[in-house]
1. Could you check, for region B:56-73, whether at least one of its residues is more than 30 Å from residue B:217 (Cβ to Cβ), touching a helix residue (DSSP H, G or I) at 6+ places or on another chain (Cβ under 6 Å), within 14 Å of chain A (Cβ to nearest Cβ) and surrounded by fewer than 18 Cβ atoms within 10 Å (Cβ to Cβ)?
2. I'd like to check something: does region B:94-102 contain any residue that is within 24 Å of the chain's Cα centre (by Cα), under 23 Å from residue A:52 (Cα atoms), free of Cβ contacts under 8 Å to residues at least 60 places away in the same chain and in a helix (DSSP H, G or I)?
3. Can you find a residue in region A:61-78 that is at pLDDT 85 or above and within 10 Å of chain B (Cβ to nearest Cβ)?
4. Tell me the helices (runs of 4 or more DSSP H) entirely within region A:111-202 that contain at least 1 residues that are at pLDDT 85 or above and over 30 Å from residue B:193 (Cα atoms).
5. Given (1) at pLDDT below 70; (2) outside any loop (DSSP other than H, G, I, E, B), where does residue A:13 come up short, assuming only one miss?
6. Sort through A:157, A:142, A:132 and tell me the only one that's over 24 Å from residue A:90 (Cβ atoms) and either over 23 Å from the mean Cα position of the chain (by Cα) or not assigned by TED's automatic domain parsing to the domain that holds residue A:76 (or both).
7. Of everything in region B:169-218, what is in contact (Cβ under 8 Å) with a residue 40 or more places away in the chain, in a loop (DSSP other than H, G, I, E, B) and facing chain A (nearest Cβ under 7 Å)? Give them in sequence order.
């Protein structure tokens, strides 16, 4: 493509000296090759999604014994997490040898899909979610300020009627399972999340469930 | 018979617009790309709806699929201070050059004994360095010491940065200058291993932790 006009030997022009007419075109192929090479390199190496962080406050380690007169957990849900499996029970835990009003605690299995875990949490936390919906409508109708909304939502999440979540994991649970669960809990606008160690009785129950 | 003449068109096409575009894209990607130092470990994190970006001043503990623990601290000044403290505690000596090199390094995962040799390696071969990660069991809890010294050092550097910002007439938020604690665990690692790291943080009374995640669609906030 290098179109530089060649003079066909200097022998047969008749005295007149002509300026050599060279084409203005330059061969751009190598440059284009390089440009595309660089382009491919940058396209393939660049990552645009910057990693995000999800904050989670853990309970402080206190050596003091637990206060026996502390109010009982009445609207809590406990998740027992194993590898890619998730079980839950609501309210207090009653082992087989010390059954409660409705007999010993039974585990219910669910999954990480929108129809599983998300629905369970949305149903149980309807107290917060319904009020949140009302507030969102108010914000949209410009009856409530954004800042008031965020503040009210935080207050709402901390109310006694709001759902509390306990997360217990066994030895096989993966970090992905744990983070997925916390994520779903956050989607359901739950303010109180406590990752706590599993009781031996719970572990036994979980293992019998897993064997089924 | 008359011959059918095929019109002779020039085989060369004007490539200028294409080249223009190509260079425009090259420039864009070059400027948009941010180069980061190579890390000794690749981690596939789980995804979450969180849209909080990683804070700049952070102390990060990485956990890979095998449960090995790596440590990173972002502020170079704080890195030097933490290394000096760790060196005197574990009686490992570093020369000036090693300290300078360490300040500019990224994540590392080796014991204090291995650290001088690890620093001396050229950047590319650090990935192949055979190590068991930073020990964190109760007999030799180096991770705990790293975290506590780093936190002190990062608080000091954060404090000077805060004072500087104040003198410039800005209204800085003191919280922005405090180091944040981040756990970057591989999605496939066992949670119990992450819990051990979390327990180290909790023993130091650092209970507000952050998990690194990749972003995911948020059903509450569809934009």
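1. Among the residues of region B:56-73, at least one is more than 30 Å from residue B:217 (Cβ to Cβ), touching a helix residue (DSSP H, G or I) at 6+ places or on another chain (Cβ under 6 Å), within 14 Å of chain A (Cβ to nearest Cβ) and surrounded by fewer than 18 Cβ atoms within 10 Å (Cβ to Cβ), which makes the answer yes.
2. No, region B:94-102 has no match at all.
3. Within region A:61-78, not a single residue is at pLDDT 85 or above and within 10 Å of chain B (Cβ to nearest Cβ).
4. The qualifying helices (runs of 4 or more DSSP H) are A:117-124, A:126-140, A:146-157.
5. With respect to (1) at pLDDT below 70; (2) outside any loop (DSSP other than H, G, I, E, B), residue A:13 is out only on (2).
6. Every option except A:142 fails the conditions.
7. Answer for region B:169-218, where residues must be in contact (Cβ under 8 Å) with a residue 40 or more places away in the chain, in a loop (DSSP other than H, G, I, E, B) and facing chain A (nearest Cβ under 7 Å): B:186, B:187, B:188, B:189.
The values are calculated or read from the model by the stated rules, or taken from the named source; none is laboratory data. Keep in mind the model is a prediction, meaning the values are calculated, not measured. Counting neighbours? That spans all protein chains shown, and the Cβs are built from the backbone with ideal geometry, glycine included.
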